[in-house]
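The values are calculated or read from the model by the stated rules, or taken from the named source; none is laboratory data. Since the model is a prediction, treat every value here as computed from it, not as a measurement. We place every Cβ from the backbone using ideal geometry, glycine too, and count neighbours over all the protein chains shown. Remember, those area values only see protein heavy atoms, side chains included, never the ligands or the DNA or RNA. Shrake-Rupley method; radii C 1.70, N 1.55, O 1.52, S 1.80 Å.
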Amino acid sequence: MTEAIRNIYCVGRNYRAHAAELGNDVPDQPMIFTKPTHALAAMQGGELTLPADQGEIHYEAELVLHIAKPYTAGIQVDELVDKYALGIDFTLRDVQNVIKKKGQPWLPAKGFLNSAAISAFRPFPGTAKLTETNFQLRQNGGMVQNGNISNMIFDLQTIVDYIAKHYGLGAGDIIYTGTPEGVGPVRDGDRLELIWGEDVVAAATIRA
């Protein structure tokens, strides 16, 4: 999987209710961070190993875009994106809280191995079609997150335009587009399932 992916961009605080639940201000422009490709981990029903010795690990379920071609000025999302997936941006929350206070980069909290879990990709049906379906995360059979991209602070077009302008965007890049409210900790043995509409598109058992 890492051979096919070039850059992993992530959008922070892109749902108002999620920003509020963590006591964060709502940003006035997209908040972008990256993860190394070594962080990618396919959720294929088996086990997913996460660090157990650095405090709480939180799940953050997100829609993920796959970029099909080099970005050019004026290109629309529906022309630029060929596939989508669901993913989990795992976060070492205790570590993040410390480094935020110190003003240090987020990499230790966001870029560790297996921190970018992802489902298989599906053909992109267009932005309008995506808004018709909610995505969910279930933890041990119970729904903990339920989101729809129509509730994003920055829509998909704004996100791709911003990333392309400031950092570049091309074929093979992927974008984790932000998480809705309901984030929380995972523990050893938890079963996580990503749901698109009524379909379970990815699952994993956590080993931490």
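At-a-glance table
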read-out	value
Three-way shape label, the stretch 1-151, alpha-carbon gyration tensor, a/c 1.5	rounded
Amide H partners (placed H, <5 Å) of TYR15, local residues excluded	ILE153, THR179
Subset of LYS110/LYS165; LYS100/LYS129; LYS35/LYS69 violating a 25 Å alpha-carbon distance limit	LYS100/LYS129
Gaussian network model of the chain, Cα within-10 Å springs - most flexible of ASN134, ASN114, ASN97	ASN97
Amide hydrogen neighbours beyond the local backbone of MET31, cut-off 5 Å, H modeled	GLY12
³J(HN,Hα) computed for each position of the stretch 190-204 - Karplus, 6.51 cos²θ - 1.76 cosθ + 1.60, integer Hz, glycine/proline x	4, 9, 10, 10, 9, 10, 10, x, 10, 9, 7, 9, 6, 7, 7
Solvent-accessible area per residue for the chain (1.4 angstrom probe, square angstrom)	44
For GLN145, distant residues with modelled amide H under 5 Å away	LEU137
Share of carbon and sulfur in the accessible heavy-atom surface of the stretch 1-119 [1.4 Å probe, %]	48
Qualifying GluC sites (Glu not before Pro) in the stretch 156-208, DSSP loop, other Cβ atoms within 10 Å at most 15	GLU198
Stretch in the chain that is longest and holds no trypsin sites (Lys or Arg not before Pro) that DSSP places in a loop and that have at most 15 other beta carbons within 10 Å	7-186
Calculated from backbone phi, Karplus (6.51, -1.76, 1.60) coupling profile of the stretch 126-140 in Hz, x at Gly/Pro	x, 4, 4, 5, 4, 5, 7, 10, 8, 10, 9, 10, 10, 10, 6
